[in-house]
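The values are calculated or read from the model by the stated rules, or taken from the named source; none is laboratory data. A quick note: this is a predicted structure, and the numbers were derived from the prediction, not measured. Please note: Cβ atoms are built from the backbone with ideal geometry, for glycine as well, and neighbour counts cover all protein chains shown. Heavy atoms of the whole protein, side chains included, go into the accessibility calculation; ligands, DNA and RNA do not. Shrake-Rupley method; radii C 1.70, N 1.55, O 1.52, S 1.80 Å.
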Amino acid sequence: SKFDVEQAATKVRTLKADIRALAAQIRQTKIGVESARTKLGYTRITAPIDGDVVSIATQEGQTVISIQQVPIIMTLAKLDTMTVKAQVSEADVVRLHSGQKVYFTTIGDTETRHFGNLRTIQPTPEKGTAEKANNAIFYNALFEIPNPQRELWSDMTVMVSFILNEAKHVLVMPVLALGEKDKDGRYAVRVLEKDGAVSQRKVGIAFNDHVNAQIKEGLAEGERVITGEKANSDKPETPEKS
């Protein structure tokens with residue numbers, strides 16, 4: 001019928017219009033692809049250093065926008081040399097200086113000590129939160145440590161010790177044996193002589209780590225010092241050798 005013919009013709013015209021619209025979309029999309037390729041030719045993503053990839057922030061195919069801020073694609077790290085950041089309280093930071101010997105142990109291996117030298121102390125402190133000693137102030141002490149075997153990893157928790165003084169092959173005695181200190185800086189020490197008599201000496205000391213004290217003068221190697229008295233007895237307890 002004439003109605004069916006007109007309806008079919010209208011449908012054909014509609015389909016042809018849709019085809020032209022789709023063709024226009026294809027041309028527009030091709031132009032967009034060529035524009036993107038041109039922009040890509042001006043874009044180059046390079047790594048600032050050689051290292052191991054420790055985290056990937058942007059996955060393949062994800063859109064990144066660099067207008068407001070620089071996007072982070074991945075994080076690289078040089079694991080062959082690690083930088084240790086130790087937080088030191090303001091009460092102790094005055095004892096530190098560049099080049100000072102330092103060592104640390106990790107939670108997983110408390111027996112192995114890793115030694116290094118303090119490089120610098122950052123002048124801007126970090127203020128602790130309420131959970132950190134009531135807003136105490138800490139300074140970051142930085143030093144590097146070789147890591148050729150990849151035993152250390154990023155963000156590890158370590159226990160850092162700074163060496164304030166060091167002495168090797170010296171004469172020491174227990175701090176418990178030290179008596180009163182006189183105006184000359186020497187300490188009274190009771191010594192058990194070979195004949196069993198107790199004498200008192202004035203002893204000069206150098207380093208003191210609150211366990212042992214280095215003897216400068218007043219005692220000789222092998223002499224026995226008295227650290228205290230036994231309860232309910234006038235006899236001194238077993239002396240210790242210096």
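Key figures
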read-out	value
Cα-projected label distance for residue 101 with residue 9, points at 7 Å along beta-carbon direction, nm	10.4 nm
Carbon/sulfur fraction of accessible area - the chain, other protein chains in place, 1.4 Å, %	52 percent
As computed over region 112-219, the Cα convex hull volume per residue (Å³)	215 Å³
Relative contact order computed over the chain (Cα-Cα under 8 Å; 6+ residues apart), in percent	12 percent
Region 35-153 pair-distance distribution - Cα-Cα, 10 Å bins, rounded %	10, 27, 28, 21, 11, 3, 0
With all protein chains modelled, accessible area of residue 26 [1.4 Å, Å²]	100 Å²
Correct option for Cα Rg over 2.2 N^0.38 Å [calculated from the coordinates] among [x] 2.14; [y] 1.58; [z] 1.13	[x]
Over region 39-137, relative contact order from alpha-carbon pairs under 8 Å, at least 6 apart, %	18 percent
MRE, 222 nm, helices only [DSSP H, n ≥ 4, -39500 (n - 2.57), over the chain, to nearest 500]	-6500 deg cm²/dmol
Whole-number accessible area per residue in Å² for the chain, which is evaluated in the context of all protein chains at 1.4 Å	77 Å²
Principal-axis tilt of helix 2-42 within the chain, Cα atoms, nearest 10 degrees	40 degrees
Amide H contacts of residue 207 (H built 1.01 Å from N, under 5 Å, at least 5 apart or other chain)	214
³J(HN,Hα), Karplus 6.51/-1.76/1.60, whole Hz, each residue of region 96-112, x for Gly, Pro	9, 7, 5, x, 5, 6, 8, 9, 8, 10, 9, 5, x, 9, 7, 8, 8
Packing rank of 117-123, 162-168, where each peptide gets the mean count of other beta carbons within 10 Å, highest leading	117-123, 162-168
Solvent-accessible ranking of 217, 144, largest area first, probe 1.4 Å	217, 144
